[in-house]
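Structure record follows, encoded as structure tokens.
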Amino acid sequence: MKQSEARVRIIQEWDRWILTQAIEPDGPTGKDSLKFYHELQDTGSSLLDFQSRGQDKWRIIHAWLLGADRLSDDWISVAPRIAPTRRMRPDRRRSFCKT
């Protein structure tokens, strides 16, 4: 499933799911989106069958819900991409032999 299709379907499912939850007075938060995500995982939902391109699917879903104004906070910041450390190249100086 493409992300664009998954986004629409997940937001629709969120709208159904959130009506069944006891929500804090300030509205749904990142904790609620994490709970939603785990319930999708636990039920083996096909809604999670979208391409994530190596990114955490919960973070993608959380961002979709934030972008759709379904959450009142963004308590999880975007994780910085971890670049592999560079190893120093061995010194390649040539040794010259004097004759």
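The values are calculated or read from the model by the stated rules, or taken from the named source; none is laboratory data. Predicted model only: the values in this text are computed from it and were never measured. Please note: Cβ atoms are built from the backbone with ideal geometry, for glycine as well, and neighbour counts cover all protein chains shown. Please note that ligands, DNA and RNA were not included when accessible areas were found on the heavy atoms of the full protein model with its side chains. Shrake-Rupley method; radii C 1.70, N 1.55, O 1.52, S 1.80 Å.
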Q. If you go through the stretch 25-34 one residue at a time, do you hit one that is out of contact with any strand residue (DSSP E or B) (no Cβ under 8 Å at 6 or more places or on another chain), buried (at least 17 other Cβ atoms within 10 Å of the Cβ), part of a helix (DSSP H, G or I) and small (Gly, Ala, Ser)?
A. yes
(Q) With the structure loaded, tell me whether Arg9 is open to solvent by 30 Å² or more (accessible area, probe 1.4 Å), among the charged types (D, E, K, R) and modelled with pLDDT of 90 or more or whether it fails that test. (A) yes
(Q) If I go through the stretch 38-65 residue by residue, how many of them are open to solvent by 80 Å² or more (accessible area, probe 1.4 Å) and touching a residue at least 24 places away in the same chain (Cβ under 8 Å)? (A) 2
